[in-house]
1. Evaluate E = 1/(1 + (r/R0)^6) for Tyr160 and Lys288, where r is the Cβ-Cβ distance and R0 equals 56 Å; express this FRET efficiency to the nearest 0.05.
2. Compute, for the stretch 339-441, the length of the dipole vector about the Cα centre, with Cβ point charges of +1 (Lys, Arg) and -1 (Asp, Glu) only. Units Debye, rounded to 20.
3. Give the long-range amide H neighbours of Thr280: residues separated by 5 or more places, or on another chain, with amide H under 5 Å away, using H modelled in the peptide plane at 1.01 Å from N.
4. Taking N as the number of residues in the stretch 302-456, what value does Rg over Cα atoms divided by 2.2 N^0.38 Å take?
5. Can you compute 3J(HN,Hα) from phi for each residue in the stretch 471-479, using the Karplus curve 6.51 cos²θ - 1.76 cosθ + 1.60 with θ = phi - 60°, rounded to whole Hz and x for Gly and Pro?
6. Would any residue of the stretch 423-462 have its amide N under 20 Å from a label point 7 Å out along Cα→Cβ of Leu243? List them or say none.
7. With a 10 Å radius around each residue's Cβ, average the other Cβ atoms per peptide and rank 350-359, 277-286, 259-268, highest first.
8. Based on other C-beta atoms within 10 Å, arrange Phe165, Phe186 from fewest to most.
Amino acid sequence: MSEGISVSQRGRPEALAASRLPYALPAVLILGMAVVFLSAKGVLAQSATASPDHSWHGPGEKTIEAEVKRLGKPEISIDAARTYTLAELVDLAESHNPETRVAWERARAQAAALGVARSELYPTLAAAALSGVARSEAYLVDRFYRQTIGDFQVALNLNYTLFDFGARSGRIAAARAEVLAANFAFNDIHRTIIFQVQQAYYQLLNSLGQEDAARASLSNAQAVQQSAEERLKNGLATLPDVLEARSATAQSEYELQSVLGAEQIAAGNLASALGTFATTSIHVQPLKDLPIPESIDDSVDVAIDRALAQRPDLMRQVADVRSANAKVKEARAAYYPLLSFSASPTAQSLYGLQQQFPWGHTAGLTGALAFSLNWTVFDGGARKNRLAQAEANVHSTEAQVNASRNQIANEVWAAYSNLNTALRQRQAATALLEAASRSYDAALESYNYGLRNFLDVIAAQRTLAQARSTDVLARTQVLTALADLAFRSGDSIVRNPKP
């Protein structure tokens, strides 16, 4: 073939002109060396840092920084003037939190894997078109004759497994169970994200309620301070009383600032749970607008049964058991033969030219049909060990299901007990706040009439401030405990949970 190319160039003037340029080849070499040098320089630029005592900053860092900037801010529309309910925030989180996207794509990938497994039930058909020209010198009698042969053919290759004693069905069953497991994992991500939003939401409500309580306590402390200073002017109080009042006011101001800082953190946690930056401003309903339940409707046994019937993480593990059983079936099929069929029809067209003779041509259909029976007689115990491994995986996943059932029952029991405790604490906190309010009002009135000393007023004011904070915490604890029970029992992802 190379000889034919050289012959075809003999009559071309441009080929002759190129042969007379003494610097054509060196120029090509110089260009090639430059390309190699630049490529090597780029490779060396990605080497590790020269010493461990300094941070690394290289060209690759700039490209990564540029890619991060192109990512931009998460696309989520938050109306700064709107007051969001918990249900609306949950909908935003399920739509924009990237964890749901990750789980969804994994479920889609597993569904595609099931399609790959099912494709084994069908034959594979491959097509190829081949074309070529061969030129050679054939020796006949006392001289060589040049001959050229052109070949064009279209070939098909059909392969089909006729029978494999359940290997394919085992793989398909395993893939189908893994699709179910991926779907349950996707549901579990939603359950987790809903709980994260609920936790952040109630944390923010608690911070907002604590802010109101802290401002009310600051107002009380300022009122006590004003009363003490007026009594000092009238000669009815001492300077230590005024200093104590000023100290109580400063302490209330300090606690207010601490609550405001916690409120900012809670707002950031809620924004992060939604899938956006923590700097996003979100307005929520005040705690006083939310109804606080007084009791639990269901018994703990009903809650446990409901959790065992609908928890997606437990159902995912049950799907894993199904997948493990299918893999046992696939491992057992390896003990039996594999019968397959193949066909390779080929349509071929040949052209030939021999020196001093005219062109010749032939065409026809060639190919082969074959049945193949493969049976592994001895493999050194590989099949036995694979089967033992598959059966052990079945027992392991079954044991994990049993362990998870016990753990889920314990989680529901703990969440149920915490909710009962929170309800009782809520009742006690309500009584404490009412008593502390009356005690403070009575102490301040008695102090103004000169019937109580100032330390009694300060003590009553501090008790009232603590009672306000406890009341807010008790209300949010009830809501948080309800959310935790719904999370543990799986009610958060069920549209109409049944008792």
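1. Rounded to the nearest 0.05, the efficiency is 0.20.
2. Here the size comes out at about 100 debye.
3. When sequence neighbours closer than 5 places are left aside, there are no close amide H contacts.
4. Values: Rg = 40.5 Å, N = 155, 2.2 N^0.38 = 15.0 Å.
Relative to the 2.2 N^0.38 Å estimate, the stretch 302-456 comes out at 2.71.
5. Result, rounded to whole Hz: 5, 4, 5, 5, 5, 5, 5, 5, 5.
6. 453-459
7. Per-residue mean Cβ counts within 10 Å order the peptides as 259-268, 277-286, 350-359.
8. The most exposed by this proxy come first: Phe165, Phe186.
Where a number appears in this text, it was derived from the coordinates with a stated rule and is not lab data. Here the structure is a predicted model, which means the values were calculated and not measured. With ideal geometry, Cβ positions are generated from the backbone for all residues, glycine too; neighbour counts draw on all protein chains shown.
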